[in-house]
Amino acid sequence: MAMVGQGSPWRVWLVIGAVAGWGAMSDATGLAQTHRSTPVMREDAELADVFFLDPDRGWAVGDRGAIWATDNGGRHWRMQMSGVDCRLESVHFVDDHHGWAVGGNIEPLTHRGSAVVLATADGGQTWKRIEAATLPRLRQVRFRDRQVGWACGDGSPMYPAGMFQTDDGGLSWATLPLDGGGHWLASDMNERGEAISADRDGRVWRLSSSGQRPCDAPPVIGSRIRRLKMTGGGTGFIVGDRGLLLRTADHGLSWRPATLPLSEEAARQCDWRAVASWGAHVWIAGAPGNLVLHSADGGATWQTHATAQPLPIRAVTFIDEYRGWAVGSLGTILATRDGGQSWRPQRQGGGRAAMLALFSEAESVPLEAISLLAGEDGYLSAVELVNHRGLEIRETAEVDSVARSREAMISAGASAADVMAGFPLRQRGLDFTAERTLASWEFLHRGEARERLIESLAARIRQWRPNVVLTEPLQVAGDGTLTQMLNQAVLAAVERAADPRAFPAQTQQLGLAPWAVDKVFCAETDSRLTGTILVTARLSANLGCSLVDQAATARGLIHDRYTVAPASYRFRPLVNRLAHVSDHRDMFTGINLPHGSEARRIRGASVGANLGELARSVQRQRSVQ
């Protein structure tokens, strides 16, 4: 069946799902949940997008189905009930009543994605879910009016294009018949009605009714595109990891690197995540969040402005050349009234992380420790994964490993998670020693790979400012060399992050202050070793389940087949800067972080206050399984 779009540059579409009227929507409450998120977890959920309709009315969306709204310019933000628990990636309103938010779920083991599309007709007082389960996960949504809009995201076997349009307010969606399809990380319309889109392989395309054509853009190596914005007058910007900033002046036909007001040393430590524009003004931000770039002349020249906070920024929006908002990690919302020269916080779910986990890949992370420290005990936790494997061979999974790894950590209980760029690993099954891995990194980093790795880790420590760092074991039988190398790099980064003289570009240009970590632990599964013991079957009253059950979804997002969790972990102390503490009954012994402080959640109501009944319930569930 074909549908002709009205007022759209893309004329021929395939209808992929038709439902009629608001009655075909379901109240978002009561739908199946992907994670076990408690209400207090949503307070520090990362925010992925922000939209303001006018100086007063705005919305921000993000992890755990979080939707925040304001009707007074952000002086007060209130939580709106989305009824979903997945990450919402994008939000857009066409008036003070009608708006949409999109995101999606990832199915454990199969790693297939499914879209979540929410709509409101009352300004977000109630959100209803439009049935769109056959669509893949969506990353972006925009509407021209109450009826006509578009969305993009992952391609899937059923809908490989990954690009969709609606002309009935989102009740049905149609897909563009592209030649090769795509998994789109970012997209925006140029003034010619073409969609300029970046895929997960670092390629940039022009999409229209006449087909899919590549743009002239330099190869993205050792980085990852995060956002794309067409700003008018033929100009546009692509931003991404390790200082990636490309500019077009011909409607997206060609892209070239932009010159930044930062040294090469400082720029490579910036992971840009957000770009916004108003007229000739452009703003760019990311991680660390201390810094916002601003251009008043369409990107010809740039200035840097400080935000006075280091947490990563994920999205920025402006309603004129003076008033804007930025959102990001730990539920942070910042506002400016002077074009970005100064910023003030409007809300935060926390000021820093109590625990930072630094591991090679998601498979190495002790998931039940995240569930205990973050989910049960409430310590705000961030996970940074150092390595990825998508450089040599294009990923074929519907949802890529970066997205799955990140979602797994959030599912386990973390407040934030990311995958670093610049330190790729060879594909699994190849016999590649640590020495050969390091040699490949030396090529990417001009012979300074080890120093660049320590520099990157130190930047993460200064950004998150944790009390405790958790990392790889000292040795792993049969695979210890790479693990050992990362362990030693983390220990070196902990020392140098506390040294004011180390990495001056971080302190002088990026605004990252030195930070001293209290303790460093490594996670091990060898029962013969000493250290703090964590039994993964331990019950959690706050989570209403065992730690291993809380982490089950996360483990399924990482692995493509059922994987048994370790029966226990041991956490060996490697660094202890607290002279008065010698007993490590748990990782935070001797550290004063009360509930509700800048790095710990408020104490939530216990889901399973009666541990005896909870134990019996868990046993009944396992008997059924």
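Laboratory data are not the source of any read-out in this text; all were calculated from the coordinates shown. Keep in mind the model is a prediction, meaning the values are calculated, not measured. Neighbour counts run over all protein chains shown; Cβ positions are idealised from the backbone, glycine included.
Taking θ as phi - 60°, what are the ³J(HN,Hα) couplings along the range 434-443 by the Karplus curve (6.51, -1.76, 1.60), each to the nearest whole Hz, with x for Gly and Pro?
4, 5, 6, 4, 4, 4, 5, 5, 4, 5
What number, rounded to the nearest 500 deg cm²/dmol, is the helix-based mean residue ellipticity at 222 nm of the chain, given -39500 (n - 2.57) per DSSP H run of at least four residues and division by all its residues?
Working: 11 runs with 100 residues, N = 625.
Result for the chain: -4500 deg cm²/dmol, rounded to the nearest 500.
Please sort by residue number the chymotrypsin sites (Phe, Trp or Tyr not before Pro) in the range 205-311 whose DSSP state is loop and whose Cβ has at most 11 other Cβ atoms within 10 Å. Kindly include the intermediate steps, with their values, before the conclusion.
On the way: sites: TRP205, PHE237, TRP255, TRP272, TRP278, TRP283, TRP302; in loops: TRP255, TRP302.
Answer in residue order: no site qualifies.
How far, in degrees from 0 to 90, does helix 611-624 lean away from the longest principal axis of the Cα atoms of the chain, to the nearest 10?
Roughly 70 degrees, rounded to the nearest 10.
For SER82, which sequence-distant residues (separation of 5 or more, or a different chain) have an amide H within less than 5 Å of its own amide H, given hydrogens modelled in the peptide plane?
ILE67
Rounded to whole Hz and in sequence order, give me ³J(HN,Hα) for the range 120-135 from the Karplus expression 6.51 cos²θ - 1.76 cosθ + 1.60, θ = phi - 60°, writing x for Gly and Pro.
Rounded to whole hertz, the list is 9, 10, 9, x, x, 4, 9, 10, 10, 8, 7, 5, 9, 5, 7, 6.
How many angstrom separate the Cα center of the range 110-130 from the Cα center of the range 338-409?
24 Å
To the nearest µm²/s, what D does Stokes-Einstein give for the chain at 37 °C and 0.692 mPa s, using the Kirkwood radius over alpha carbon pairs as Rh?
It diffuses with D of about 133 µm²/s by this estimate.
Restricting to DSSP loop positions (anything but H, G, I, E, B) with no more than 15 other Cβ atoms inside 10 Å of their own Cβ, which trypsin sites (Lys or Arg not before Pro) remain in the range 500-595?
For trypsin sites (Lys or Arg not before Pro) across the range 500-595 that sit outside H, G, I, E and B with at most 15 neighbouring Cβ atoms in 10 Å, the list reads ARG501, ARG528, ARG538, ARG561, ARG577, ARG585.
Rounded, prolate or oblate: pick one for the range 311-366, where a ≥ b ≥ c are the square roots of the eigenvalues of its C-alpha gyration tensor, a/c under 1.5 means rounded, and failing that, prolate if a/b is larger than b/c, else oblate.
Values: a/c = 3.94, a/b = 2.55, b/c = 1.54.
In terms of gyration-tensor shape, prolate.
Apply the Karplus curve 6.51 cos²θ - 1.76 cosθ + 1.60, θ = phi - 60°, to the phi angles in the range 258-264 and return the couplings in whole Hz, x for Gly and Pro.
So the J values, rounded to whole Hz, are 9, 8, 9, x, 10, 5, 4.
Angle check, please: helix 449-464 long axis (alpha carbons) against the longest principal axis of the chain (alpha carbons), in degrees 0 to 90, nearest 10.
Roughly 80 degrees, rounded to the nearest 10.
Take every Cα pair under 8 Å in the chain that's 6+ residues apart, average their separations, divide by the length, and report that relative contact order as a whole percent.
Computed over the chain, the figure is 11 percent.
Which trypsin sites (Lys or Arg not before Pro) in the range 178-219 sit in a loop by DSSP (not H, G, I, E or B) and have at most 16 other Cβ atoms within 10 Å of their own Cβ?
Details: sites: ARG192, ARG200, ARG203, ARG206; in loops: ARG192, ARG200, ARG203.
Those satisfying the criteria are ARG192, ARG203.
For helix 480-497, report the angle its Cα long axis makes with the longest principal axis of the Cα atoms of the chain; keep it between 0 and 90° and round to the nearest 10°.
80 degrees
Between GLY62 and residues 5 or more places away or on another chain, which pairs have amide H atoms under 5 Å apart, with H built 1.01 Å from N, and which residues are they?
The answer is ALA48, LEU88.
If a/c stays under 1.5 just call it rounded; otherwise compare a/b with b/c (prolate if a/b is bigger, oblate if not). Do that for the range 44-116, with a ≥ b ≥ c from the square roots of the Cα gyration tensor eigenvalues.
prolate
List the residues whose amide H sits under 5 Å from the amide H of TRP184, counting only those 5 or more places along or on another chain, with H placed 1.01 Å from N in the peptide plane.
GLY153, ASP154, GLY155
Based on DSSP, what percent of beta bridges with both residues in the chain are antiparallel, to the nearest 5?
85 percent
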